[in-house]
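Worksheet for the structure shown next.
Just so it is clear, none of the values below were taken in a lab; they were calculated from the coordinates. Computed from a predicted model, the values in this text were never measured in an experiment. Positions of Cβ are backbone-derived with ideal geometry, glycine not excepted, and every protein chain shown enters the neighbour counts.
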Amino acid sequence: MNIRDKLLLAAAVTATLGVAPAAKAAEKIQLIVGGYEKIIYLPAKLAEGLGYFKAEGLDVELLNEGAGVDAENEMLAGAVQGVVGFYDHCVDLQTKGKYIESVVQFSHAPGEVELVSTKYPNVKGMVDLKGKNLGVTGLGSSTNFLTQFLMVKAGVPLGQFTSLPVGAGTTFIAAMTQDKIQAGMTTEPTISRLIKTGQARVLVDLRTRETTQAALGGTYPAAALYMPNDWIAKNKPTVQKLANAFVKTLRYINTHSAAEIADKMPKDFYVGDKEGYVKALADGKGMFTADGVMPQGGPETVLSVLAAFSKNVQGKKVDLYKTYTTEFVKQVK
């Protein structure tokens with residue numbers, strides 16, 4: 001007998017005996033986050049800190065995984081119900097026969113930056129990174145997707161640079177400090193830490209809608225809660241509860257200051273520099289949507305970016321309407 005059947009049996013026995021039922025147990029959900037200390041994925045830990053999951057009757061366990069590609073593999077293996085990661089995986093995986101979709105769209109810009117080490121002052125653009133080692137969180141990750149696109153767009157073919165998986169945070173910083181990578185794509189608060197110490201400078205900025213449109217040719221929906229389409233179809237009440245919690249979190253982000261938001265986050269996320277964390281959050285929180293709705297034209301931009309370099313996508317038919325849904329976010333009150 002599974003857990004659900006046992007709960008139903010207990011409720012039936014309670015009703016028969018005329019005893020007041022006990023409080024309903026919270027529904028257990030596991031979500032894996034592609035690095036929950038990253039500001040781009042802030043809504044996951046913030047929703048937890050604000051108590052929004054519990055308010056929906058959910059017991060959500062957030063599991064941390066440094067690279068989005070590894071997070072998606074865990075979900076596809078059935079180890080977790082969903083991923084907080086980049087929407088572009090929904091498009092990429094459909095070309096491989098895997099159907100997943102964004103349920104809540106957290107952001108309309110990647111929140112990423114291509115940093116270049118200050119040891120290389122002659123690097124003025126992506127084209128100057130030909131022959132260099134470029135740091136990404138993981139091979140097949142969104143940082144790798146974006147890096148490959150920017151290099152190909154600059155006229156540097158695949159094979160004339162090396163994507164080196166170095167993770168994020170301290171491992172990314174160590175790789176740049178030791179000159180294992182000469183440039184790399186990363187997020188806040190790593191960006192601010194490297195700039196503050198003078199170890200790196202910004203080469204391409206994808207933290208705002210405007211700079212993203214200039215670099216990628218359109219709005220690029222990034223951080224999202226995505227889940228397998230078939231699981232969503234079978235568990236709509238649960239998905240709605242998750243959407244409720246996350247949309248309320250996005251509303252909180254859009255109506256509170258960076259300092260107020262930072263106070264709700266785990267202190268170890270500051271890495272000993274709360275002031276720097278607050279500044280990074282203030283500079284970047286404009287990337288978040290206010291309502292969790294997929295931005296118009298965003299999926300088309302993502303498909304265009306992936307098709308520019310990926311043989312997995314080139315020549316494949318992708319049904320973008322099966323890569324996201326607004327069914328749940330539009331029902332949030």
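Computed about its Cα centre, the charge dipole of the chain is approximately 200 debye, with only Lys, Arg, Asp and Glu carrying charge at their Cβ. Using the Karplus relation 6.51 cos²θ - 1.76 cosθ + 1.60 with θ = phi - 60°, the per-residue 3J(HN,Hα) values for region 213-221 come to 4, 5, 7, 10, x, x, 5, 10, x Hz, with x marking Gly and Pro. Summing charges over neighbours of GLY218, with a neighbour being any other residue whose Cβ is under 15 Å away from its Cβ, gives -1 when K and R count +1 and D and E count -1.
Separation of region 290-333 and region 86-110, taken as the distance between their Cα centroids, equals 6 angstrom. Within the straight-line cut-off of under 25 Å between alpha carbons, the lysines reachable from LYS322 are LYS96, LYS98, LYS234, LYS236, LYS241, LYS248, LYS311, LYS330, LYS333, sequence neighbours fewer than 8 places apart in one chain being disregarded.
Computed from backbone phi, the HN-Hα couplings of region 156-163 come to 9, x, 4, x, 9, 7, 10, 8 Hz, rounded to whole numbers (Karplus: 6.51 cos²θ - 1.76 cosθ + 1.60, θ = phi - 60°; Gly and Pro given as x). Calculated from the alpha-carbon coordinates, region 112-206 shows an Rg and a Dmax of 11.6, 32 Å respectively.
Based on alpha-carbon atoms, the Kirkwood radius and the radius of gyration of region 216-287 give Rg/Rh equal to 1.08.
The share of alpha-carbon pairs in the chain lying farther apart than 29 Å comes to 38%. Kirkwood Rh over alpha-carbon pairs of region 32-104, then Stokes-Einstein at 4 °C and 1.567 mPa s: what D in µm² s⁻¹, rounded to an integer? Using the Kirkwood radius from Cα pairs, D works out to 101 µm²/s. Listed peptides 91-101, 73-83 appear in the order 91-101, 73-83 once ranked by packing, highest mean of other Cβ atoms within 10 Å at the front. How much of the pair distance distribution for region 268-333 lies past 14 Å, counting alpha-carbon pairs only, in percent? When every Cα pair of region 268-333 is considered, 72 percent fall beyond 14 Å.
Computed from backbone phi with θ = phi - 60° and the Karplus coefficients 6.51, -1.76 and 1.60, the 3J(HN,Hα) list for region 301-318 is 5, 4, 4, 5, 5, 5, 5, 6, 9, 8, 5, 5, 9, 4, x, 8, 8, 10 Hz; x is used for glycine and proline.
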